[in-house]
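These notes are about the structure you will find just below.
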Amino acid sequence: MRWHPGLKSNDIRFLKKSLRGISAVTFSDPSLERVDDFINQCYVLVAGNSSIHLEGAILGVRCVYYELNSSRLYDYYGYVSEGIAEYAKNIEELVSICNEDNNGYKHSEARVKAIKRYSASYATKWQGREGKLVANTLQKLRSDIGVGDLYCVIDVDSSTFNIVNIPI
């Protein structure tokens, strides 16, 4: 279990006390463990309205949207409607999904396309190297190379684009 980094310490103590003694539950402290290290240990990632679904999907983990308590902001980020996360409407569905065999779990083509709408570098040579891409771009701009010479942008539609042929 990983709590939101902004969760108050008394709520964290309550969580730990409530779940103490359940051998299947371990805790990930966001102030001590990187989110990608946590996600890479997950068989299935279960969360409510959180951007951690996108991070899990990018890392290839099956994601399930489940609210512990009712929320006025169902699917705030659109991860369920886009197909990035599955929806479990009750605890029985959640348990069923978590008990499915996820060995060899692969993203569908539709899920890959949905992830790319949130992260243009996903499944490209720049995935995980976005910092280098930004630094490269800034260096080239500083050396007076025109912006048009930096990228070859293919406009897929008005809201989605792909960046290709970016020199390293």
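The values are calculated or read from the model by the stated rules, or taken from the named source; none is laboratory data. This one's a predicted model, so the numbers in the text were calculated from it and none came from an experiment. When we count neighbours, we look across all protein chains shown, and the Cβ atoms used for this are built from the backbone with ideal geometry, even at glycine.
Laid out as a table, the results:
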{"item": "So VAL61, is it out of contact with any Cys (no Cβ under 8 Å at 6 or more places or on another chain), among the hydrophobic types (A, V, I, L, M, F, W, C) and more than 20 Å from PRO5 (Cα to Cα)", "result": "no"}
{"item": "Selection status of GLU109, in the same structural domain as ASN40 (by TED's automatic domain parsing) and under 20 Å from GLN41 (Cα atoms)", "result": "no"}
{"item": "Looking only at segment 27-36, and only at residues there that are surrounded by 11 or more Cβ atoms within 10 Å (Cβ to Cβ) and hydrophobic (A, V, I, L, M, F, W, C), the one that is farthest from GLY60 (Cα to Cα)", "result": "PHE27"}
{"item": "Any hit, segment 101-110, residues being surrounded by 14 or more Cβ atoms within 10 Å (Cβ to Cβ), modelled with pLDDT under 90 and touching a helix residue (DSSP H, G or I) at 6+ places or on another chain (Cβ under 9 Å)", "result": "yes"}
{"item": "Within segment 29-76, tally of residues that are touching a Ser or Thr at 6+ places or on another chain (Cβ under 7 Å) and either of a type in the set (Gly, Ala, Ser) or farther than 17 Å from GLN127 by Cβ (or both)", "result": "4"}
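Residue-by-condition table, conditions (1) modelled with pLDDT of 95 or more; (2) exposed (fewer than 13 other Cβ atoms within 10 Å of the Cβ); (3) outside the structural domain of GLU100 (by TED's automatic domain parsing); (4) hydrophobic (A, V, I, L, M, F, W, C):
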position: ARG2; (1), (2), (3), (4): no, no, yes, no
position: PRO5; (1), (2), (3), (4): no, yes, yes, no
position: ASP11; (1), (2), (3), (4): no, yes, yes, no
position: LYS17; (1), (2), (3), (4): no, yes, yes, no
position: VAL25; (1), (2), (3), (4): no, yes, yes, yes
position: PHE38; (1), (2), (3), (4): yes, no, no, yes
position: VAL44; (1), (2), (3), (4): no, no, no, yes
